[in-house]
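The values are calculated or read from the model by the stated rules, or taken from the named source; none is laboratory data. Source: prediction; values computed, not measured. A quick note on method: Cβ atoms are made from the backbone with ideal geometry, for glycine too, and the neighbour counts reach across all protein chains shown. Note: accessible area is taken over every heavy atom of the protein model, side chains too, but ligands, DNA and RNA are not part of it. Shrake-Rupley method; radii C 1.70, N 1.55, O 1.52, S 1.80 Å.
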Amino acid sequence: MDKVQSRLMSVDYLRVILAIFVVVAHSGLGRETLRAAGETGLLGLAAGNSILRVAVPVFALIAGYYLASTLRRERLSGWVGHLLVLYAAWSAVYVLFLWFYYANRPVALTATELTLGFMHLWFLQGLAISGILLAGAAALGRGAVIASAVLLGGAGLALQYLRMTGQADIPVEHYRNGPLYLYPYLAIGWLMALHPPRLPVAVLWAAVAAGLALTLAENIWWLRRIGEEPLLEIPTGHLLLCPALFALVLRMPAPSTDLPLGRAAAGIYVMHVIVLQGLPQLGVAHPVPGVVLGVALPFLLVWGASLVGRRHRWLSRMF
């Protein structure tokens, strides 16, 4: 079978959509308008936070789904090593790009951020750590994976609620990280690879709708209680919404393409902040050009890198 046809193309298309969600969320597009729109704006902000935040957990589900094959082939070290190299390389790029900012703050503070998870790149580091945890739990059996996912996911939710209710001053990085946030979704993706969901499509659509409704309700409740700062990072409704959405996409046919969609999505994720931070320095403050260029420029760069990949393999491995 052709290599392109053998891939789950629907998942690669989903990756690009999720990467666009990340760019839109980080651009702040529409947030100022929603802030000034009263109750209507509150509902819009809740909807935006509910939908755009599916990107990270679904990315983790996808990673867990494919990690099942990696673990069977005993290639975990290469998988983890690649993620950590990407994290180190792109962290260095951002420190250099924003040197004017980092040069005027304590080195210890920057070192702490790099350790806990630097900017949006924390996902790469967190995924590597979660993969190691998953491999260890999987060696003990599926029950250990499920139990560890429940335990760590529950701890993450508890820390989040302690912070949002004002009962403890907990930095967001202490629960929005690999073990407490990504790991449960990575484990679910791994389990879905071992036991592919056989539910009817209608049931999956109903689960997506129910999960979205729960997520919206929770977001609205918190927004009305404490305002928009901080926005809910880990909605419990996503535990239903995201796996159901991923299972639904796995059942959807998608046209084959030679475009490197998976790597393009990764490129958009790691590079878009350079565009969003750089355009205002050039006098372009509106978020719409940032969103368009934050998607288009990395996509074109990754596509170009794939065309010259045989001669410059290191370039392709940057995504």
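Restricting attention to region 68-87, the residues being assigned to a helix (DSSP H, G or I), open to solvent by 60 Å² or more (accessible area, probe 1.4 Å) and of a type outside the set (V, I, T) number 3.
Cβ-Cβ distances below 6 Å connect the following pairs, each with a first residue in region 189-202 that is closer than 9 Å to P243 by Cβ and in contact (Cβ under 8 Å) with a residue 40 or more places away in the chain, a second residue that is open to solvent by 30 Å² or more (accessible area, probe 1.4 Å) and part of a helix (DSSP H, G or I), and a separation of six or more residues or different chains: G189/Y65; M192/Y65. Which residue pairs have Cβ atoms under 6 Å apart, sit 6 or more places apart or on different chains, and have a first residue in region 69-86 that is farther than 20 Å from G141 by Cα and a second that is assigned to a helix (DSSP H, G or I) and open to solvent by less than 40 Å² (accessible area, probe 1.4 Å)? Cβ pairs passing all conditions: W79/T70; V80/A128; V80/G131; L83/L124; L83/L127; L83/A128; L84/A128; L86/L124. Pick from T215, T165: which is over 30 Å from A89 (Cβ atoms), open to solvent by less than 40 Å² (accessible area, probe 1.4 Å) and not aliphatic (A, V, I, L, M)? From the options T215, T165, the qualifying one is T215.
Wholly within region 185-304, which helices (runs of 4 or more DSSP H) include no fewer than the required count, namely at least 2 residues that are modelled with pLDDT of 90 or more and closer than 22 Å to S69 by Cα?
Ranges flagged: 238-250, 261-281.
Scanning region 88-125 for residues being outside any helix (DSSP H, G or I) and either within 24 Å of A266 (Cα to Cα) or of a type in the set (S, T, Y) (or both) gives a total of 3.
If you go through region 140-161 and keep only what is of a type in the set (G, A, S) and over 16 Å from A60 (Cβ atoms), you end up with G141, G143, A144, A147, G154, A155, A158.
Here Y65 clears all of (1) open to solvent by less than 30 Å² (accessible area, probe 1.4 Å); (2) modelled with pLDDT of 95 or more except the condition numbered (1).
Comparison of L182, L223, L199 shows that the only residue that is in contact with a helix residue (DSSP H, G or I) (Cβ under 9 Å, 6 or more places away or on another chain), crowded, with 17+ Cβ neighbours inside 10 Å and within 30 Å of A138 (Cβ to Cβ) is L182. Determine if region 148-162 includes at least one residue that is more than 30 Å from W221 (Cα to Cα) and open to solvent by 30 Å² or more (accessible area, probe 1.4 Å). No; the residues of region 148-162 include none that is more than 30 Å from W221 (Cα to Cα) and open to solvent by 30 Å² or more (accessible area, probe 1.4 Å). I need a count of the residues in region 274-291 that are open to solvent by 70 Å² or more (accessible area, probe 1.4 Å) and under 23 Å from S91 (Cα atoms). Number of matching residues: 3. The set of residues in region 92-116 that are touching a Phe, Trp or Tyr at 6+ places or on another chain (Cβ under 8 Å) and not hydroxyl-bearing (S, T, Y) comprises V95, L116.
Across region 42-62, what is the total count of residues that are assigned to a helix (DSSP H, G or I) and at pLDDT 95 or above? Qualifying residue count for the region: 8.
When you scan region 244-254, do you find a residue that is under 30 Å from T165 (Cβ atoms) and either open to solvent by less than 20 Å² (accessible area, probe 1.4 Å) or touching a residue at least 60 places away in the same chain (Cβ under 8 Å) (or both), even just one? Checked against the condition, which is being under 30 Å from T165 (Cβ atoms) and either open to solvent by less than 20 Å² (accessible area, probe 1.4 Å) or touching a residue at least 60 places away in the same chain (Cβ under 8 Å) (or both), region 244-254 yields at least one hit.
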